Amino acid sequence: MTDLFDDSPPPCPACNHAQSTPLIFGVPSHEMLVAERLGDIALGGIADDPALEWVCGSRSCGHRF
Ligand SMILES: [Zn+2]
């Protein structure tokens, strides 16, 4: 089959932590703010580097990649 629709997050390249959080850019909606508070997503703000897609799930790392 294909990996294109594999939605399991990649491991952090900095610390190899397995749980990464999707990084969302743009003006956040109310739902996005709630999701960020719950830890489901991370908000990247506006005009950051759009090549970044993930935030490491390890609080002590926080690496964006
Ligand atoms: Zn990490």
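Pull up all non-local amide H partners of Phe25: gap of 5 or more, or a different chain, and H-to-H distance under 5 Å with H placed in the peptide plane.
The answer is Gly44.
Once amide H atoms are placed 1.01 Å from N in the peptide plane, what residues at a sequence separation of 5 or more from Gly62, or on another chain, have their amide H within under 5 Å of its amide H?
Cys56
Under the rule of at least 5 residues apart or a separate chain, name every residue whose amide H is placed under 5 Å from the amide H of Cys15.
Sorted by chain and number, the residues that satisfy this come to none at all.
Distance in nm between label sites at Ala18 and Glu36, each 7 Å beyond Cα in the beta-carbon direction?
Output for this residue pair reads 2.9 nm.
Whole number please: convex hull volume per residue, Cα atoms of the range 12-65, in Å³. Before the final figure, lay out the partial values.
On the way: hull volume 3.5 nm³, N = 54.
Cα convex hull per residue, to the nearest whole number: 66 Å³.
Could you work out how much longer the chain between Phe65 and Ile46 gets when fully extended? Use 0.36 nm per residue separation minus the Cα distance between them, nm to one decimal.
Details: separation 19, 0.36 × 19 = 6.84 nm, distance 1.64 nm.
Extra length available between Phe65 and Ile46 comes to 5.2 nm.
Go ahead and run the numbers for FRET between Ser8 and Ser29, Cβ-Cβ distance against an R0 of 22 Å, rounding to 0.05. Could you put the intermediate results ahead of the total?
Details: r = 25 Å, r/R0 = 1.13.
My answer for the efficiency is 0.30.
Each value in this text was obtained by applying a stated rule to the coordinates, not by laboratory testing. Keep in mind that what you see is a predicted model, and the values were worked out from it rather than measured. Using ideal geometry, Cβ is built from the backbone for each residue, glycine included, and neighbour counts are taken over all protein chains shown.
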